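Following: one structure in structure tokens, then a few remarks.
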Amino acid sequence: MTLDRPLSGRKPKIAFPKGAIDTQMHAYLPGFPAIEGGPPLPAGELPSPSQYREFMKWIGIDRVIVTQGNAHQRDNNNLIACLKDFGNLAWGVAAVNGQATEAELDELADARVIGLRIMDLPGGGVDLTHLEDVDAIAASRNWMLAVQFDGSNIVDHEARLSRLKSRWVLDHHGKFFCGVTADSPQVAAAKRLIDRGNCWFKFAGAYESSKTGAPDFADVAEVGRTIAAHAPERIVWGSNWPHNLAKTQADYPDDAALTDTILGWLADDAARRLALVDNPEQLFGLEPRGNKGT
């Protein structure tokens, strides 16, 4: 299937600060086939680290968090290979369950993995039944945890989420598939979790849960602005490159326009610096950009 992923073009109108971090993307290298239980590999040419480097230059990104793709389930070998390719500008979020051995976790740590993910949607490699086990692993290693599920049910999961020991992020605008407003109980639950001090909220993939749709994603925007006003120190941003749900050219977003739209929900440049630099440094445990080793 032919799918062109533009890697250059009009730059976003919103300039990125030095040290900006993309906290949500996937990358792939040849030799790592999709695994049963997950979706197929992305459509079109395999979206590789070399392609993403071009994307970084275009958008203005300096650092990146590479997330394990669902196609590879809990086989993190593609992620490890991509992190090696990226070098010291990247860190990883892997997928493991409670059966992961210390040797396996050490291998991930050596590859610059600093987080684990829960993906409780069709095709995900680690669902919410593993939440406490994976959280215990993350906490023991001072890693973070990315949690993605149908946020329509967040109130049902609030008690478990409130007991998480690790730093964690509610993924993809909360994935409120039921459709919510700023006054919905699901948004109130997200605020309460954020207020506990170890939860962040990720702006990424608005098109995956929006009912109003592009170009403004007005429903997701309303919630995003509300959460950002409530806790600007807890917002992080991700490009969601290479937009794996896009199967045709018509499905593929204009990345510059999408970036401007999403970051436009933040109040000002100071709030955007928080979301792009300071907040992700805290969530992922990274040294500030000016320090040696980052």
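Brief remarks follow.
- Of residues in segment 220-255 being closer than 30 Å to residue 183 by Cβ and charged (D, E, K, R), the one nearest to the chain's Cα centre (by Cα): 234
- Conditions (1) within 19 Å of residue 237 (Cβ to Cβ); (2) over 18 Å from the mean Cα position of the chain (by Cα); (3) open to solvent by less than 30 Å² (accessible area, probe 1.4 Å): number failed by residue 57: (3)
- Any helices (runs of 4 or more DSSP H) falling wholly within segment 175-294 and containing at least 1 residues that are open to solvent by 70 Å² or more (accessible area, probe 1.4 Å), in contact with a Phe, Trp or Tyr (Cβ under 8 Å, 6 or more places away or on another chain) and not polar (S, T, N, Q): 218-230
- The residue list 74, 112, 117 contains one member that is modelled with pLDDT of 95 or more, surrounded by 23 or more Cβ atoms within 10 Å (Cβ to Cβ) and of a type in the set (Lys, Arg), which is 117.
- Among the criteria (1) open to solvent by less than 50 Å² (accessible area, probe 1.4 Å); (2) more than 24 Å from residue 237 (Cβ to Cβ), the one residue 150 does not fulfil is (2).
- Taking residues in segment 37-51 that are at negative phi, and partners anywhere that are outside any loop (DSSP other than H, G, I, E, B) and open to solvent by 50 Å² or more (accessible area, probe 1.4 Å), the pairs with Cβ atoms closer than 7 Å and at least 6 places apart or on different chains are 49/85.
- Within this structure, residue 2 fails the test of being out of contact with any Leu (no Cβ under 6 Å at 6 or more places or on another chain), closer than 25 Å to residue 251 by Cα and open to solvent by less than 20 Å² (accessible area, probe 1.4 Å).
The values are calculated or read from the model by the stated rules, or taken from the named source; none is laboratory data. The shown structure was predicted, so the numbers you read here are calculated from the model rather than taken from an experiment. We place every Cβ from the backbone using ideal geometry, glycine too, and count neighbours over all the protein chains shown. Keep in mind that these areas ignore ligands, DNA and RNA; they rest on the heavy atoms of the full protein, side chains included. Shrake-Rupley method; radii C 1.70, N 1.55, O 1.52, S 1.80 Å.
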